[in-house]
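J.: I'd like to ask some things about the structure below.
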Amino acid sequence: MPQGAADILRLLLASKPLSAGFKMIRFAPIFTIFLVAVAGPAQACVDLAPADAASLSLTQALARVADCHPEVRAARAALAGAAADVLVAGQAPNPQLTVGAGSVGNALGSGSLWRKTFDHSVRLDQLFERAGKPLLRRSAAEASRSAARADLADARRRAISAVAHAHQDLWAAQGRRAQLEAAVGLSAESLRLLDQRVRAGDAPALDATRFRLDHARLQADLRQSVADSQDLQRQLALLIGAPGLAVQLQAQASDQPWMMPADTGATNVALEGRADVVAAMARVSATASLRDLAVAARTRDLNIGLQVDHWPTGPGNSSGTGNTVSVSVSVPLFVRHANEGEVARAEADLAAAQEALRKVRDNAATEWARAEGQARAADDRRRLVVEQLEPAAEKVAAGAELAYRRGASTALELLDARRSLRAVRLERINADAELAKALVDWRVAATPSDLRLNP
């Protein structure tokens, strides 16, 4: 990460919470990561250190978005191409030079080539565009470049969400794996002690059979959890540009300082600054310029030519004319058409771009509302798990363990209590991950575009 970006990140991580109308969940807005991701020139994707891969925080994963995410890199290449298109659009037509020779006979005479007795001709043609065509063409190219720049910002915005989801999914999968490994270990120890009791005649053999069935089920769940974790490791590795370290990736719990959204929704002004909305508006501007360019094509361009002819006299050519200069002007004749089809197509493209802008604005508002609702629902779900389900499950499990050791409950009751506790702990892991992902989605749903990006 560039030093300036790192300093900004540290300052924001050290900032105080907002007003009391906001509810602190964890500390550090993802908006900080987005600003770091879109600020500054592009850098090469630096290899991820094995030590970082073995303990990868969400902040570290998000810091690699700007330089390593495949879609961001593709969008940056598209922006470079759009910038080149601006140079092409601003170039005036080159003049055309024509050199010829005519009336070449056998008696060319002596002297230099210029004094040979044949007709020398040198012609220069230049196209002069009218009705502001060069300005309209450049205007369309500049608007397309603005759209590509906003596309890059939008690609980074979407990549932040994708990387956050992949990171938290991996963390949750690895958490589930750890819970299942602990459950398998506890089940194996319980089965060993129960076998001793069965041999001593203190417990029925049926209880041991039930424990073995439960142990086998746990082992199957653990194997599936291992496969899921490996698949998620590969997905995250591709998104952060570290496919070679996929098997070493170990995600950590979310370290993002986050706040729940306030009760007020995003304003239209905020959504107008979203990168995808900015890109759609720029495309409307580009198609409008192209429509004007199609209309301007009805104004005839001039092709002006200047020709110099040199036909010297000599012993074998007494009829030479010496030097003559001629000027010509050519214009297209709108006999069969006057670009009506081009204008109609440009009008249709403009209407399509305006409709696309309307759709993008509607989608932005919908995405914001959905992200806010999901963030609130995820917060409520996590609070329910932490404050009610988890304490109750732990209390029931502890009581069941004690009762079984004293012979006051059956093996079925103990296994049921253990399953309930395991399910609640897995729910806690899922609730933490879902809340982290929902908060990321909520924040980036209204993240403004940074139009100062360079290709």
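J.: Quick check on packing: order 270-279, 330-339 by the mean number of other C-beta atoms within 10 Å, highest mean leading. Write down the numbers at each step before the final one.
T.: Working: 270-279: 20.9, 330-339: 10.2.
Order by mean packing, descending: 270-279, 330-339.
J.: With N set to the residue count of the stretch 370-420, report its C-alpha Rg divided by 2.2 N^0.38 Å to two decimal places. Walk me through the numbers before you get to the answer.
T.: Numbers: Rg = 16.0 Å, N = 51, 2.2 N^0.38 = 9.8 Å.
Taking N as the residue count of the stretch 370-420, the ratio is 1.63.
J.: I'd like the Karplus ³J(HN,Hα) series for the stretch 354-371: coefficients 6.51, -1.76, 1.60, θ = phi - 60°, whole numbers in Hz, and an x wherever there's a Gly or Pro.
T.: 5, 5, 5, 5, 4, 5, 5, 4, 5, 5, 5, 5, 5, 4, 4, 4, 5, 5
J.: Quote the convex hull volume per residue of the stretch 142-258, based on C-alpha atoms, as a whole number of Å³. Present the calculation step by step, with values, prior to reporting the outcome.
T.: Values: hull volume 15.4 nm³, N = 117.
Spelled out: Cα convex hull of the stretch 142-258, divided by residues, is 132 Å³.
J.: Kindly give Rg over Rh for the stretch 300-446, based on alpha-carbon atoms, with the Kirkwood expression for the hydrodynamic radius.
T.: Numbers: Rg = 42.0 Å, Rh = 24.3 Å.
My calculation puts Rg/Rh at 1.73.
J.: On to the next question. Which of the aspartates and glutamates could be linked to Lys133 by a straight reach, that is with a Cα gap under 15 Å, when you skip same-chain ones fewer than 8 residues away?
T.: List returned: Glu142, Asp292, Asp301, Glu342.
J.: How many nm is it between the label spots at Ala338 and Glu387, if each spot is 7 Å from the Cα in line with the beta carbon?
T.: Those two pseudo-labels are separated by 7.4 nm.
J.: Something else now. Excluding ligands and nucleic acids, what accessible area in Å² is computed for Cys68 using a 1.4 Å probe, to the nearest 10?
T.: Approximately 10 Å² for this residue.
J.: One quarter of the convex hull surface, Cα atoms only: what value does that give for the stretch 131-191 in nm²? Numbers along the way, then the final one.
T.: Details: hull surface 17.8 nm².
Orientation-averaged projected area of the Cα hull: 4.5 nm².
J.: Just to verify a number: FRET efficiency for Leu135 and Ser326, C-beta to C-beta distance, R0 = 22 Å, to 0.05? All intermediate terms of the calculation are to be shown ahead of the outcome.
T.: Values: r = 32 Å, r/R0 = 1.46.
Working from the Cβ atoms, E equals 0.10.
J.: Bin width 10 Å, alpha-carbon pairs only: give the P(r) of the stretch 365-455 as whole percents, running from 0 to the bin holding the largest distance.
T.: Bin by bin from 0 Å, the calculated values are 17, 28, 21, 16, 10, 5, 2, 0.
J.: Report the extension gain between Arg197 and Ala253 in nm, rounded to one decimal, defined as 0.36 nm multiplied by the number of residues separating them, less their alpha carbon distance.
T.: Difference between extended and current length: 16.0 nm.
The values are calculated or read from the model by the stated rules, or taken from the named source; none is laboratory data. Keep in mind that this is a model prediction, so the values were computed, not measured. We place every Cβ from the backbone using ideal geometry, glycine too, and count neighbours over all the protein chains shown. SASA here: full protein model, heavy atoms, side chains in, ligands and nucleic acids out. Shrake-Rupley method; radii C 1.70, N 1.55, O 1.52, S 1.80 Å.
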